[in-house]
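Report on the structure given below.
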Amino acid sequence: MAARFLSSFSRQLPVLTFFTKQGGCSLCEEARTILDKYKDQFVYEEVCIDTSEGAKWYEAYKHDIPVLHINGRYLMKHRINEDKLLEALSSK
C-alpha cells in the first residue's frame, strides 16, 4: 500500500501510521490486507523501524510489529481488531 499525498479532501481524514520492519513479517502482511479494505478512510503512513528514518521507534516496537497509530496516538499492535479500527476511524 503506497503512501497517499495529502489533498484538500484527505486533510479531513485521520492519519494511520503503520509501524513495521523490512523483510518478511506475516502479521504485517495480514494487517496490510485488512487495512486495504478501509484505505479510503485514512491517510496512510508507513514507518520501517529498522531503517534510519524509523530508528527512534525500534526499541519501543522491535518485538511488537505491526503497530498502528491514529493521528499520532497508539491504537493497537500485532493483529488488527477491525471493530476497534473502525471505531477509531469514525471518531477522528
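Quick one: Karplus J couplings for segment 65-73, per residue in order, coefficients 6.51, -1.76, 1.60, θ = phi - 60°, nearest Hz, x for Gly and Pro?
Working through the residues one at a time gives 5, x, 10, 10, 10, 10, 6, x, 10 Hz.
Note the angle between two axes, namely the Cα long axis of helix 26-36 and the longest principal axis of the Cα atoms of the chain, as a number of degrees from 0 to 90, rounded to the nearest 10.
10
Calculated from DSSP H runs of 4 or more alone, at -39500 (n - 2.57) each and per residue, what is the 222 nm mean residue ellipticity of the chain, nearest 500? It would help to have the intermediate numbers written out before the result.
Details: 3 runs with 24 residues, N = 92.
After summing the helix terms and dividing by residue count, I get -7000 deg cm²/dmol.
Just checking my list (i) 13.4; (ii) 14.2; (iii) 14.9 against Kirkwood radius over Cα pairs in Å computed from this structure; which label fits?
Matching entry in (i) 13.4; (ii) 14.2; (iii) 14.9: (i).
Readers should treat all values here as calculations from the given coordinates under stated rules, not as data from a laboratory. Worth saying up front: this structure is predicted, and the values here are computed from it rather than measured.
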